[in-house]
Amino acid sequence: MKRLKLLFLQIVVMVVSLLIWHVVSTTSLFGDVKTTQFFFSTPLAVLERTFKQLTSGEIYWHLGITLTETVLAFVIGSLAGILFGFAFARHELLSAVFDPYIKAANALPRVVLAPIFALWFGLGIWSKVALGFTLVFFIVFFNVYQGVREVSPTILANARMLGMNERQLFKHVYWPSALTWMFSSLHTSVGFALVGAVVGEYLGSSAGLGYKIHEAESVFDVTGVFSGMLILAIFVIAIDALVTMVEKRLLVWRPAQSATTT
Amino acid sequence: MELQDRPQVDAGAGTHAPAEPAVALSGIDITFHLADGGRYQAVKGVDLKVYPGEFVSIVGPTGCGKSTLLNAAAGLLSPSSGQVGIFGKPLAGLNRRAGYLFQQDALMPWKTALDNVKVALEPMGVPAKEADERAREWLARVGLRTFVDRYPHMLSGGQRKRVSLAQMLIRNPEILLMDEPFGPLDAQTRQIMGNLLLDLWSRDRKALMFVTHDLEEAIALSDRVVVMSAGPAAGIVADYKVSLPRPRDIADIRLEKAFHEIHRDIWSSLRVEVQKAYAMGEGRELVAGETP
């Protein structure tokens with residue numbers, strides 16, 4: 001069985017890594033045990049802390065905050081991206097005029113905006129939503145723009161010969177084509193919404209997963225940092241699985257997956 | 001087969017005789033402006049009338065402007081000079097009385113076969129339930145009863161053409177325009193599709209303009225075969241009547257003696273043009289800076 005063999009090997013990698021970590025951090029092979037544990041913690045301690053956090057319930061509140069920020073950044077960013085993507089794709093002049101500015105804005109590392117957003121929107125969720133928005137917007141924007149521009153001329157001519165007016169063309173041709181491109185970048189845009197939320201929390205907030213990690217870090221609680229990272233990883237995998245499910249439903253008509261991302 | 005100006009028109013096609021041509025192209029010039037500032041005259045001085053009930057094929061060497069002419073009749077492009085008349089009225093904008101079958105895949109890939117056919121009725125304001133029934137009926141008519149829920153990528157090239165055919169015919173257009181519709185298909189599928197087309201067309205005999213580079217296909221299907229010259233500035237060099245009896249089976253008809261005679265006649269004029277086109281480099285040579 002190929003699948004089983006693969007799974008087995010994947011588990012082997014995990015066990016071996018954890019084993020090395022454990023040996024290094026609990027024996028004096030590489031120096032003082034207390035020092036190594038201060039810097040690297042131990043796998044058992046991290047698992048124990050994670051388990052405690054997941055059962056105690058407090059973490060769910062932080063997860064909820066992060067999730068809210070992620071969803072808001074994704075939804076608002078996507079809506080704006082769709083709106084602007086359509087407008088720019090249908091208006092030659094608009095896209096020509098704004099082209100250099102869009103490129104410049106997209107080239108900017110978004111993290112530098114985080115302090116500005118904190119200043120503008122405060123330390124609550126909205127500064128994180130704003131950061132996620134700047135990441136999501138451009139991905140969706142470029143994909144929708146491409147989707148509208150790259151509608152096959154034959155499909156368009158055919159639709160027009162069938163008597164469709166502008167509204168019907170939008171509904172049956174432009175919109176589905178743009179959505180296709182947007183959905184093919186769903187993983188990237190949802191991922192970036194989450195990055196915006198966590199990075200924003202990390203840089204200044206009082207709630208959320210990023211805050212939890214930052215809090216642990218500021219008191220040199222390495223176990224807490226690793227545990228926060230583990231929870232974050234589980235969270236991301238869960239969201240990604242959800243996105244895959246949504247994607248499968250929405251893109252049934254497509255022959256093979258060939259995701260295009262910017 | 002004699003060169004002829006005015007085809008015999010079925011008297012039953014209209015109440016007033018002689019019937020108005022469904023498509024009347026007169027003095028059509030089509031010039032493209034090229035990106036480098038030059039101009040390419042694709043079609044020059046074309047006069048062509050297609051009457052209701054007539055199946056007219058247009059043959060000619062590659063790049064001679066056959067499709068360009070069809071697009072002018074569809075209103076997808078407007079001629080530089082000359083007039084397109086549709087049932088006696090000058091055409092402005094898209095030809096609302098025509099259906100168009102494209103060479104390339106024109107189905108919406110995000111819609112199932114059923115939805116692709118159904119959507120053709122939406123601009124006509126047909127209620128959804130009725131549209132659904134009629135679309136199913138048409139898909140059954142083109143032999144796709146069990147494929148209604150398939151997306152285009154799950155269908156073969158021939159099946160996709162069948163869906164396109166149903167999508168076009170469900171609107172019951174008075175003029176059918178087809179641009180090498182069976183071009184991408186293999187030889188057997190082409191024959192099957194040809195027979196299907198004849199079967200569907202013969203039920204109500206719409207005016208049909210059929211562009212193809214396959215002379216045998218043109219003769220087997222049509223009432224008239226129009227030969228176009230090699231481009232640039234292509235025009236009509238000959239117009240042949242095909243008086244083979246209907247109904248026809250396009251596989252069998254190729255074996256008949258009359259078919260060979262017609263084929264020999266038309267090929268004699270087509271060959272000259274094909275050779276000219278090859279001499280000019282596949283007939284795709286663009287003559288920059290040429291004035292109409």
(request) Kindly check whether there is at least one residue in the stretch A:187-198 that is within 30 Å of B:A74 (Cα to Cα), in contact with a Gly (Cβ under 8 Å, 6 or more places away or on another chain) and aliphatic (A, V, I, L, M). (result) no
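Please indicate, with yes or no, whether at least one residue in the stretch B:37-45 is in a loop (DSSP other than H, G, I, E, B) and at pLDDT below 90.
Checked the stretch B:37-45: at least one residue is in a loop (DSSP other than H, G, I, E, B) and at pLDDT below 90.
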(message) I need a count of the residues in the stretch A:159-178 that are among the hydrophobic types (A, V, I, L, M, F, W, C), under 13 Å from A:F86 (Cβ atoms) and free of Cβ contacts under 8 Å to residues at least 24 places away in the same chain.
(response) 4
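What residue, of B:S229, B:S222, is surrounded by 17 or more Cβ atoms within 10 Å (Cβ to Cβ), more than 14 Å from chain A (Cβ to nearest Cβ) and in contact with a Ser or Thr (Cβ under 6 Å, 6 or more places away or on another chain)?
The unique qualifying residue is B:S222.
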(request) Inspect the stretch B:137-158 for any residue being facing another protein chain (nearest Cβ under 10 Å) and surrounded by fewer than 17 Cβ atoms within 10 Å (Cβ to Cβ) and give the result as yes or no. (result) yes
(message) Exactly one of these conditions fails for B:S156: (1) among the hydroxyl-bearing types (S, T, Y); (2) farther than 29 Å from A:W181 by Cβ; (3) in contact with a helix residue (DSSP H, G or I) (Cβ under 9 Å, 6 or more places away or on another chain). Give me its number.
(response) (2)
(message) When you check A:W253 against the structure, is it assigned to a helix (DSSP H, G or I) and within 14 Å of another protein chain (Cβ to nearest Cβ), yes or no?
(response) no
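Output the residue which, of all residues in the stretch A:169-186 that are over 22 Å from B:L77 (Cα atoms) and at the interface with another protein chain (Cβ under 10 Å from one of its Cβ atoms), is surrounded by the fewest Cβ atoms within 10 Å (Cβ to Cβ).
Top of the filtered list is A:K171.
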(message) Kindly evaluate B:R171 against the criterion of being more than 16 Å from the chain's Cα centre (by Cα) and within 14 Å of chain A (Cβ to nearest Cβ).
(response) yes
(message) Consider the stretch A:119-165. How many of its residues are farther than 30 Å from B:L94 by Cβ, more than 20 Å from the chain's Cα centre (by Cα) and among the small types (G, A, S)?
(response) 1
(message) So in the stretch A:133-168, with the set limited to residues that are closer than 20 Å to A:L251 by Cα and either within 13 Å of chain B (Cβ to nearest Cβ) or in contact with a strand residue (DSSP E or B) (Cβ under 8 Å, 6 or more places away or on another chain) (or both), which one is surrounded by the fewest Cβ atoms within 10 Å (Cβ to Cβ)?
(response) A:E150
(request) Determine if the stretch A:218-232 includes at least one residue that is closer than 29 Å to A:S56 by Cβ, away from chain B (no Cβ under 14 Å), of a type in the set (S, T, N, Q) and crowded, with 17+ Cβ neighbours inside 10 Å. (result) yes
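This table checks each residue for (1) modelled with pLDDT of 90 or more; (2) of a type in the set (F, W, Y); (3) in contact with a helix residue (DSSP H, G or I) (Cβ under 7 Å, 6 or more places away or on another chain).
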residue: A:L4; (1), (2), (3): yes, no, no
residue: A:V13; (1), (2), (3): yes, no, no
residue: A:V16; (1), (2), (3): yes, no, no
residue: A:V33; (1), (2), (3): no, no, yes
residue: A:E48; (1), (2), (3): yes, no, no
residue: A:W61; (1), (2), (3): yes, yes, no
residue: A:L83; (1), (2), (3): yes, no, no
(message) Condition first: farther than 30 Å from B:P173 by Cβ and either of a type in the set (D, E, K, R) or part of a loop (DSSP other than H, G, I, E, B) (or both). Now tell me which residues in the stretch B:20-36 satisfy that.
(response) B:L34, B:A35, B:D36
(request) Tell me which residues, restricted to the stretch B:74-114, are of a type in the set (A, V, I, L, M, F, W, C), assigned to a loop (DSSP other than H, G, I, E, B), closer than 21 Å to B:E20 by Cβ and more than 7 Å from chain A (Cβ to nearest Cβ). (result) B:F87, B:L91, B:A92
(message) Looking at the structure I just gave you, is B:V119 over 18 Å from the mean Cα position of the chain (by Cα), buried (at least 21 other Cβ atoms within 10 Å of the Cβ) and more than 14 Å from every other protein chain (Cβ to nearest Cβ)?
(response) no
(message) Against the condition free of Cβ contacts under 8 Å to residues at least 24 places away in the same chain, farther than 19 Å from B:S164 by Cβ, assigned by TED's automatic domain parsing to the domain that holds B:A279 and not hydroxyl-bearing (S, T, Y), how does B:A42 come out, does it pass?
(response) no
(request) State the number of residues belonging to the stretch B:175-229 that are closer than 18 Å to B:D265 by Cα and either modelled with pLDDT under 90 or not β-branched (V, I, T) (or both). (result) 13
(request) Provide a single number: the residues in the stretch B:53-73 that are assigned to a loop (DSSP other than H, G, I, E, B), within 14 Å of B:V43 (Cβ to Cβ) and in contact with a helix residue (DSSP H, G or I) (Cβ under 8 Å, 6 or more places away or on another chain). (result) 4
(message) Of all residues being without any contact (Cβ under 8 Å) to a residue 24 or more places away in the chain and small (G, A, S) in the stretch A:40-98, which is farthest from A:A130 (Cα to Cα)? Just the residue, please.
(response) A:S56
(message) Here's a check for you: in the stretch B:165-193, which residue that is touching a Leu at 6+ places or on another chain (Cβ under 6 Å) and in a helix (DSSP H, G or I) is farthest from B:G63 (Cα to Cα)?
(response) B:A166
(request) Please tell me if B:M154 is farther than 18 Å from B:Q103 by Cβ, outside the structural domain of B:G60 (by TED's automatic domain parsing) and touching a Gly at 6+ places or on another chain (Cβ under 9 Å). (result) no
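The values are calculated or read from the model by the stated rules, or taken from the named source; none is laboratory data. Bear in mind the structure is a predicted one, so any value in this text is a computation, not a measurement. Positions of Cβ are backbone-derived with ideal geometry, glycine not excepted, and every protein chain shown enters the neighbour counts.
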